[in-house]
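Starting off with a structure, shown below.
Quick note: the coordinates plus some simple rules give every number you see, no bench work behind them. All values reported here derive from a predicted model rather than from experimental measurement. Don't worry about glycine lacking a Cβ; one is built from the backbone with ideal geometry, like all the others, and counts go over all protein chains shown.
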Amino acid sequence: MPSSLPLPHRTRQPGTLQHHPKPEHLPRRGLMPSTVFVLAALAAAVDPLAPRPNGPMPAPPTRVLIDNAVVHVAPGKTLDSADILIDNGRIVRVAGNIEPGTARVVDAAGRHVYAGFIDAYVPVDAPAPRDGAPGTHWSNLVTPQRDALAGQGLPPRDAETLRKLGFTAAGIAPSSGIFRGWGAVVSTAQPFDDPALGKPPVYKARASQHLGFERSGWSSGDYPTSHMGVVSLMRQTFIDAAWRESRTNTDWSCLDAINPDGLMIYDTSFELEALLSDKVAREFDHANVAIVGSGTEFKRLDALANAGRAMIVPLVFPATPDVFTVGKADATSLEDLMSWEHAPSNARYLDEKGLAVSITTSKLPRSQKFWDNMEKAIDAGLASDKALAMVTTHPAELLGVADTLGTIEQGKIANLVIASGPLFDEPAYDDQPGVEDAQILTVFIDGREHHIADAKDTRFDGAWTISSVGADLTMSIKVDANKITATRGDAQAKARKVKIDKDRISFLIDDNEDGNGTYLMSGVLGADGVIRGTGVAPDQSAFEWTAAREGDLPGKDDDKKKDDDAEDDDEAPTAAPIGAPFAAYTVESMPEQKTYLLTNATVWTQSDKGILENGWVLVQDGKIAQIGTGGYPRIAAEVIDCAGKHITPGLIDAHSHTGLFRLGVNESGQAVTAEVRIADSIDPGHINWYRQLAGGVTAANLLHGSANPIGGQSQTVKVRWGALKPEDMHFEDAKPGIKFALGENVKQSNWGDDNTTRYPQTRLGVETIIRDRFTKAREYAAARGRSGNARSGSYFSTEAPANARGVAGAPGPRDLELEILAEILAGERLIHCHSYRQDEILMLCRVAEDFGFKIGTFQHGLETYKVAEIVREHAIGASLFSDWWAYKVEVQDAIPAAGPINFEAGLLTSYNSDSDDLARRMNVEAGKALRYALDAGIAMTPQDALAFVTTNPAIQLGIIDRVGTIEVGKDADLAVWSGDPLSSMSRCERTFVDGRQLFSLEQDRAMRERMQAERARLVGKIMAEGKPKPMDDDSEPSESEPEGDEPPTRRSMLARMYERALQDHIDHGPRPGDCGCNLLPRELMNLDR
């Protein structure tokens, strides 16, 4: 709690405790608008930027003494009954019993004074540079030279809104773009009436640089269209700026505005963007970084805590979920329920993790109010001094203005907030207003007083008994502000025409008891606390009446206090969510790597040892320590009896897009996007990771979509459910890869009539652009003396920092696109190429031969069976569908025997999913290999078939030294099956990744029970509060939208379930073979977000 330091004061008698009088009994002198004050700089001389006065010179500023207030000097430090002396816009002294001298005195007895609040992030419109102007960037989203002060700055209406909330300073920022430009810290003061006095001051120009994740979207097709494109553009721009900074330049460039040592503030829309911000900052060693959050940071709390960045968070809380019918409760997700409970504690959680947190008013929906949500945050456990720091000292320190703003100290700018009571905590005395009804009355900005509101006059509030002389009228009334409820006998009525003016009151009461008419009453509150007045009865006779106060209003503050006390007794602040991912199937902490002994199983080693009956596997320290048959070692281990069960290596999906669609699987803004990384799009909490883990999948090759001839870099991952951040899923030291694509998708033949301008539009053009880029990459590497070896020296891989400037003396800055292509030429990165037709497959084989590299895999490769021998010589292998065909023209020659034919021809072949759904049944795909081989008369063993989803993809991805077989020393990535893994009747019962048991039927059952209990608790909590979900102010119900739980037309439940499943598949699910391009229509309609 803040320390309260009583000071000697002229009005306090020695040895007595003086209670602050109620605000309604205070004289209001000094709280009305007064003469305009200016800063000393403005008083000493005419502002050279302002017009000369056309008349008398402006009066010098007046000294002001704020007298006898509760002064919150800084978070945790409070002075009781203190004075604040202001002169020339600065705080001259803070102490008790200051003599006013010539100062105008503001009587603030009973008031609370705070340092003016600071909003660290207020987006404003800033002028964009003229298209094509010298020194501008080719992308109109890269405008680091923009300045928030170049235009209007802080609009007057926004300044007024901030003032009313108590914010006296704002960190303004350009509102759009990727590199958005310079921000500044400005005053929120009202403009001077006399223009000769100048304008409200700028406290700090170029205080921060601002970045965001704005994309062009599929509708325009301009680069970037995805998050990974945004991040790549950030990387290249930082590299280009660093290269210019290392040289002597005679020309001007917008890149010169980028200051890597200054404060950089990233604006984010959800928690994964916040992690991307930190990722980019780490790559370039940017230490001074802050992140503007979205209010959902609690969903990735531990990851953000590990990042350690300063946070600027809005108080944005979700509406109470509507769970008041069975249908609506069932349709509400656990994530929505948990978000409703945790959102008010978001700022507290971040603070408890040790992060420097500032609170912003930005991003607040129209349906929510800042101080209402601040009260909710405090009720949710945010300490009052922490809340105060989040709007004063923290933003002041972050923006570099702590020497002049943020606390009430001598020499600082006189930015102050005067409130009727404590804004952040309960009052020191019972007869003062609390958090729920304290109001901001006045703000001082630069020493100028700005009237905000009159103090609420509550002298009449309470319960009164009325007695009359000359009329048959006895009743009780309850006054609450301008509302009066009268009770006479059993009848109750609400007064009409209520008017309260200082100590006078008047109203009309309808006599509902006998229906005789209306009483007209008016009175005056006397010094003795009794109301005396006159009235006119329904029969027009006059009478006199008096009212004596019986007490305060029941059911308001007292009941609220009782409720609050009950809540305090019964319910502690909500604990921060633990582990990841948020909500469903949360792993509180990554399981330890125990010593496991799996016994009595049929072990499919996928090695020369073959299939071991009555086998056992010993797992230690995340590795396979021993395997054998019969007797097993007697050591301290957790023994799992696998009698009747089968153990296989963890399955590997060689073509996956799981967890990529939220951030974008395709960067379609250009035909060549080798610089983008699919690693920047990974969502480690996507539910399909857990579902695939339950299907025995332990590793996957995440690929860019097939929108470009040369797409983005791939990322091999392990299915580490519970990973805190995307990088935790990366398969360490896996061979780097990149996605290429051929055929209909890349020449845009299935994109619609509006997408016919991007080169290439033909298969001939596809080959041409691939050859063009390899030629340029070879020249690029040669110019740097690397002979194509682009990863040595100063070059970087996907995992390495990106802040190197390249070889000394090299011509031009590093080119992230060409570096990656040079890695292919050097044999250090594998191509995984989306392909169908044999002619295109042969084309890429010729390109590889001409440029001297070996292809990784032909993905889909449904016609590789026609040219298997040639593919075998030019590629590591092919990764196919078992039996997907006929979904577009270029796959019409696909056959189910393709995989077995490739196998027979010696072409290393795997099966992949390219589908979140199919990935859950990869073992069945392997079973199909055996079935179709037998149908075609091709000799294949069950172990050969299982290799299609274990050993073969491991070889193709360059990870066979770690996974793909069960051999001593390899990673303990294992799946335990109820029966033959090639059977569709078998199910995965346990899955180990890195020797950690990340899935088992027992664990799953326990998780489901825990989730159900949590769901029931939250629904019960909402039901107890009785708050139906309100509609946002900016949303309107559709006239065609049905009410209640049932659709407009009655259909069977089966029909409705089928429709929902179909819609979910169309809108959200990738279709095998399309590599994410089936989402183009949705994204073209700007629905991709």
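Could you quote the convex hull projected area for the range 682-781, Cα atoms only and averaged over all directions, in nm²?
8.8 nm²
Right, here's the next one. Find how much the distance from ASP1004 to GLU592 grows on full extension, using 0.36 nm per residue of separation minus their present alpha carbon separation; answer in nm with one decimal.
Additional length available on full extension: 146.6 nm.
Same structure again: Once you keep just the Cα pairs under 8 angstrom separated by 6 or more residues, what percentage relative contact order results for the range 462-558?
Contact order relative to length: 27 percent.
Go through LYS279/LYS888; LYS363/LYS499; LYS456/LYS478; LYS609/LYS735 and tell me which ones have a Cα-Cα distance over 29 Å in this structure.
LYS279/LYS888; LYS363/LYS499
Now, a different point. Find the Cα radius of gyration of the range 651-963, compare it with 2.2 N^0.38 Å by division, and give the number to two decimals.
Ratio of Rg to 2.2 N^0.38 Å for the range 651-963: 0.96.
Express the Stokes-Einstein translational diffusion coefficient of the range 345-468 in µm² s⁻¹, to the nearest whole number, given a Kirkwood radius over alpha-carbon pairs, 4 °C and a viscosity of 1.567 mPa s.
My calculation gives 78 µm²/s for D.
Using a Förster distance of 35 angstrom, determine the FRET efficiency expected from the C-beta separation of SER522 and LEU553, and round it to 0.05.
That pair, SER522 with LEU553, gives E of 0.95.
Can you sort SER706, SER253, SER187 from fewest to most other Cβ atoms within 10 Å of each residue's own Cβ?
By the 10 Å Cβ count, ascending, the order reads SER253, SER187, SER706.
So for VAL92, VAL231, fewest C-beta neighbours within 10 Å to most, what's the order?
Going from sparsest to densest Cβ surroundings: VAL92, VAL231.
Report the FRET efficiency, 1/(1 + (r/R0)^6), for MET1011 and ASP285, where r is their Cβ-Cβ distance and R0 is 35 Å, rounded to 0.05.
Efficiency, rounded to the nearest 0.05: 0.25.
May I pose another question? Given N residues in the range 914-966, what is Rg(Cα) / (2.2 N^0.38 Å)?
Against the empirical 2.2 N^0.38 Å value, I get 1.21 for the range 914-966.
A further question follows. Normalised radius of gyration for the range 160-248, please: alpha carbon Rg relative to 2.2 N^0.38 Å, two decimal places.
1.52
Over the range 651-963, what relative contact order in percent results from Cα pairs under 8 Å that are six or more residues apart?
Over the range 651-963, the number comes to 18 percent.
Lys/Arg Cβ at +1, Asp/Glu Cβ at -1, dipole of the range 315-471 taken about the Cα centre: which of TRP340, GLY447, THR393 is farthest positive-ward?
GLY447
Would you calculate the separation in nanometres between label points at LYS854 and ASP454, each defined as 7 Å from the Cα along the Cα-to-beta-carbon direction?
8.7 nm
Please give the contour-minus-distance gain from ALA939 to THR546: 0.36 nm per residue of separation, less the Cα-Cα distance, rounded to one decimal in nm.
Here the segment from ALA939 to THR546 would lengthen by 130.7 nm.
Kirkwood Rh over Cα pairs of the range 943-1018 into Stokes-Einstein at 10 °C, 1.306 mPa s: D in µm²/s?
So the translational diffusion coefficient is about 110 µm²/s.
If I take the Cα coordinates of the range 462-558 and project them onto the principal axes, what are the three extents in Å, biggest first?
38, 29, 21
From the P(r) of the range 607-656, could you give the percentage of C-alpha pairs in the tail past 16 Å?
Roughly 49 percent, rounded to a whole number.
A further question follows. In what order do VAL949, VAL70 fall by count of nearby beta-carbon atoms within 10 Å, going from fewest to most?
VAL70, VAL949
Under 17 Å from a label point 7 Å along Cα→Cβ of THR465: give me every residue in the range 520-554 with its amide N that close.
Correct set: 529-532, 545-554.
Now for a different question. At a Förster distance of 51 Å, what's the computed FRET efficiency of PHE324 paired with ALA128, Cβ-Cβ distance as r, to 0.05?
With a Förster radius of 51 Å, E is 0.60.
So, with +1 on the Cβ of K and R and -1 on the Cβ of D and E, and no other charges, what is the size of the charge dipole of the range 651-963 about its Cα centre, to the nearest 20 debye?
The calculated dipole for the range 651-963 is roughly 500 debye.
Label-point separation (nm) for LYS776 and TYR887, each offset 7 Å from Cα along Cα-to-Cβ?
3.2 nm
Further question: Using the basic label-point model (7 angstrom from Cα toward the beta carbon), what is the ASN306 to ARG846 distance in nanometres?
For the pair ASN306/ARG846, the computed spacing is 4.9 nm.
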